[in-house]
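Enquirer: What follows is a structure written as structure tokens; I'll ask about it next.
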Amino acid sequence: MLPLYLEKLNPNELQQRADILKNMLEECRLCPNECAVNRIEGETGNCNSTDEVIISSYGPHLGEEPELVGLYGSGTIFFTNCNLSCIYCQNYDISQLGIGKKISVEELSDIMISLQRRGCHNINLVTPTHFVPQIVQALIIAIEKGLEIPLVYNCGGYDSVETLKQLENIIDIYMPDIKYSDNEVASRLSGIKNYWNVVRAAVKEMHRQVGDLHIDRKGIAKRGLLIRHLVLPDNLAGSEKVLDFIADEISKNTYINIMDQYHPAYKANEYSELNRIIKSDEYQKVLEYAMLKGLRRGFYH
């Protein structure tokens with residue numbers, strides 16, 4: 001199975017997408033924050049980013065879902081900054097403190113090629129939302145250099161349908177977090193508006209484009225939707241409502257990684273409800289509800 005960007009699009013069509021996305025930076029509306037700043041002229045909005053790409057690291061990652069990792073790892077590129085402001089972010093040094101290195105689009109394309117040469121099964125774009133135009137431009141250059149492995153869009157779920165439509169037939173695997181099912185909680189803990197409304201529309205669009213996760217005979221994911229959901233203390237994430245949405249409005253065949261690794265980080269110790277790890281029975285309750293809803297893939301091995 002060829003990646004969608006090779007199967008469905010020619011170079012001219014890809015360049016048209018890149019140009020449309022770049023124009024969106026002039027009054028930035030790449031994501032639902034819609035800051036309307038001119039990032040091409042060096043202005044920054046909620047993501048604290050201009051049009052210069054910043055990454056913190058890259059390399060084969062063996063800690064992702066098994067279907068992404070395979071034998072040789074998922075080729076992760078960790079982008080610096082984020083369009084969310086989660087007070088408990090586990091990677092806050094990258095996402096909130098902005099630690100990283102500026103690179104050119106040409107260098108980004110070289111990184112993609114280097115990960116492919118190291119045997120990685122995919123290019124895993126971690127927190128890519130605010131750098132989508134640059135990623136697509138780098139992809140065009142990387143294709144000329146021989147890139148031919150799937151692209152994974154590993155995001156926080158706060159994504160614009162308008163932007164996602166420009167990524168149709170470019171992204172092979174969408175991997176959004178669904179963090180909350182309550183807008184007020186999302187505003188308080190991640191500093192964003194209307195998260196529950198936004199993430200539902202975004203995930204529906206992702207699923208429309210790529211469908212349920214397809215895994216080849218070797219157990220490697222090639223195309224489709226993979227959802228992550230982190231269970232939070234005291235059900236702050238509203239997990240049952242999240243699972244209702246996935247089962248009832250997306251697909252009972254959805255691959256969902258229900259995660260139990262929450263621990264207090266960044267500013268979480270300032271919030272009493274977040275200043276502890278989750279209890280085993282809190283996690284088990286979410287797993288049981290997922291199975292009750294007919295969900296089976298990804299979380300129960």
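What follows is calculated from the coordinates using simple rules that are stated; it is not laboratory data. Given the structure is predicted, the values throughout are model-derived calculations rather than measurements. Positions of Cβ are generated from backbone atoms using ideal geometry, with glycine treated the same way; all protein chains shown enter the neighbour counts.
Enquirer: Give me TYR266, TYR180 ranked fewest to most by other Cβ atoms within 10 Å of their Cβ, as a rough exposure proxy. Intermediate values should be presented prior to the final figure.
Expert: Values: TYR266 19, TYR180 27.
By the 10 Å Cβ count, ascending: TYR266, TYR180.
Enquirer: Turning to a different aspect of this structure: Treating only the Cβ of Lys, Arg, Asp and Glu as charged (+1, +1, -1, -1), what charge dipole size does the range 4-292 show about its Cα centre? Round to the nearest 20 debye.
Expert: On the way: 28 positive and 40 negative charges, 85 e Å.
I would put it at about 400 debye.
Enquirer: While we're looking at this one, here's another question. Between SER280 and GLU240, what's the calculated FRET efficiency when r is the beta-carbon distance and R0 is 22 Å? Round to 0.05.
Expert: So the FRET efficiency works out to roughly 0.80.
Enquirer: Further, regarding this structure: Work out from phi, with θ = phi - 60° and the Karplus expression 6.51 cos²θ - 1.76 cosθ + 1.60, the ³J(HN,Hα) of each residue of the range 218-235, listed in order in whole Hz, and give x for Gly and Pro.
Expert: Result, rounded to whole Hz: 8, x, 9, 5, 10, 6, x, 9, 10, 9, 10, 9, 8, 6, 10, x, 6, 6.
Enquirer: Tally the DSSP beta bridges in the chain and give the antiparallel ones as a percent, rounded to 5.
Expert: So the antiparallel bridges in the chain amount to around 35 percent.
Enquirer: If you don't mind, another one. Arrange the following residues from fewest to most other Cβ atoms within 10 Å of their Cβ: PHE299, PHE79.
Expert: By the 10 Å Cβ count, ascending, the order reads PHE299, PHE79.
Enquirer: For a label point 7 angstrom out from the Cα of ASN12 toward its Cβ, which stretches of the range 140-165 have the backbone nitrogen within less than 17 Å?
Expert: none
Enquirer: To make sure I understand, if each residue's beta carbon is the centre and we count other beta carbons within 10 Å, what order do THR127, THR44 fall in, fewest to most? Each step should come with its number before you reach the end.
Expert: Values: THR127 23, THR44 15.
Listed from fewest to most nearby Cβ atoms, that is THR44, THR127.
Enquirer: Kindly provide the helix-only [θ] at 222 nm of the chain, computed as the sum of -39,500 (n - 2.57) over DSSP H runs of four or more divided by all residues, to the nearest 500 deg cm²/dmol?
Expert: So the helix-based figure for the chain works out to -9500 deg cm²/dmol.
Enquirer: What base-10 log of the normalised intensity I(q)/I(0) is obtained for the range 4-292 from the Debye formula, alpha carbons as equal point scatterers, at q = 0.13 Å⁻¹?
Expert: For the range 4-292 at q = 0.13 Å⁻¹, log10 I(q)/I(0) is -0.88.
Enquirer: Just check the range 1-141 against the gyration tensor rule for me: Cα atoms, a ≥ b ≥ c as the square roots of the eigenvalues, rounded for a/c under 1.5, and otherwise prolate or oblate depending on whether a/b exceeds b/c.
Expert: Verdict is oblate for the range 1-141.
Enquirer: Could I ask something else about it? How long is the gain from ARG296 to GLU144 if the chain were fully straight, where each residue apart is worth 0.36 nm and the alpha carbon distance is subtracted?
Expert: The ARG296-GLU144 span can extend by a further 50.7 nm.
Enquirer: Could you calculate the FRET efficiency of LYS204 with MET259 from 1/(1 + (r/R0)^6), where r is the beta carbon distance between them and R0 is 30 Å, rounded to 0.05?
Expert: 0.85
Enquirer: If the cut-off is 12 Å between C-alpha atoms, which aspartates and glutamates fall inside it for LYS8, apart from same-chain ones fewer than 8 positions away?
Expert: Hits, sequence-local ones excluded: GLU168, ASP172.
Enquirer: Spit out the partnerless Cys residues in the chain, using Cβ distances under 4.7 Å as the pairing rule.
Expert: Lacking a cysteine Cβ partner under 4.7 Å: CYS28, CYS31, CYS35, CYS47, CYS82, CYS120, CYS155.
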